[in-house]
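The values are calculated or read from the model by the stated rules, or taken from the named source; none is laboratory data. Remember, it's a predicted structure, so these values are computed and weren't measured experimentally. So basically every Cβ, Gly included, is an ideal-geometry build from the backbone, and we count neighbours across all protein chains shown. Areas reflect the complete protein model, heavy atoms only, side chains present, ligands, DNA and RNA absent. Shrake-Rupley method; radii C 1.70, N 1.55, O 1.52, S 1.80 Å.
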Amino acid sequence: MVHKIFDPLGILSPTTLLPKILLKEAWKLKLKWDDPLPENIWKIFQKWRDERQYLEKIDIPRYVEVNGNLELHLFVDECKSSYGACVYVRTVTPLGVKLD
């Protein structure tokens, strides 16, 4: 199911990370192809599967207004199982601050 989500920029990575971690956990158990997943892994996966319908409601604008008051902000974090980064543009306009 994760492979069906088209996300070349990795914008949805926070939502696709969990099944990838679960797959890694299943590999560590050295299960055969037809072996059932342990119940704890299966329950977590089912919950993720049931909630992925909400991904269709996400709208990500791709336009960024560029002017002289543009700031680029980058945040990164990591843990044992993954790492992530977030970049956003902060623009100061006469009408206030705009985040893209």
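Worth pointing out:
- Positions within the range 69-90 being under 24 Å from LYS20 (Cα atoms) and basic (Lys, Arg), in sequence order: LYS80
- Looking across the range 9-45, the residues that are in a loop (DSSP other than H, G, I, E, B) and open to solvent by 100 Å² or more (accessible area, probe 1.4 Å) come down to LEU9, LYS30, LYS32, TRP33, ASP34, PRO36.
- Any hit, the range 9-17, residues being under 13 Å from the mean Cα position of the chain (by Cα) and among the small types (Gly, Ala, Ser): yes
- Hits in the range 48-80 (condition: over 20 Å from PHE6 (Cβ atoms), under 16 Å from the mean Cα position of the chain (by Cα) and surrounded by 11 or more Cβ atoms within 10 Å (Cβ to Cβ)): none
- Residue within the range 27-34 that is closer than 21 Å to TYR83 by Cβ and in contact (Cβ under 8 Å) with a residue 12 or more places away in the chain present: no
- A Cβ distance below 9 Å, combined with a sequence gap of six or more or placement on separate chains, defines the contacts here; from the range 1-18, residues that are at pLDDT 80 or above reach residues that are of a type in the set (Gly, Ala, Ser) in the pairs SER13/SER82; SER13/GLY84; PRO14/GLY84; THR16/GLY10; LEU17/SER81; LEU17/SER82; LEU17/GLY84.
- Residue check, LEU99 of a type in the set (A, V, I, L, M), at negative phi, touching a strand residue (DSSP E or B) at 6+ places or on another chain (Cβ under 9 Å) and open to solvent by 100 Å² or more (accessible area, probe 1.4 Å): yes
- Of the residues contained in the range 58-65, one or more are found to be part of a loop (DSSP other than H, G, I, E, B), over 30 Å from TRP27 (Cβ atoms), of a type in the set (Val, Ile, Thr) and in contact (Cβ under 8 Å) with a residue 12 or more places away in the chain.
- Looking only at residues in the range 81-96 that are part of a loop (DSSP other than H, G, I, E, B) and loosely packed, with under 10 Cβ neighbours inside 10 Å, the one that is farthest from the chain's Cα centre (by Cα) is PRO94.
- Residue tally, condition under 20 Å from PRO14 (Cβ atoms) and at pLDDT below 80, over the range 60-100: 5
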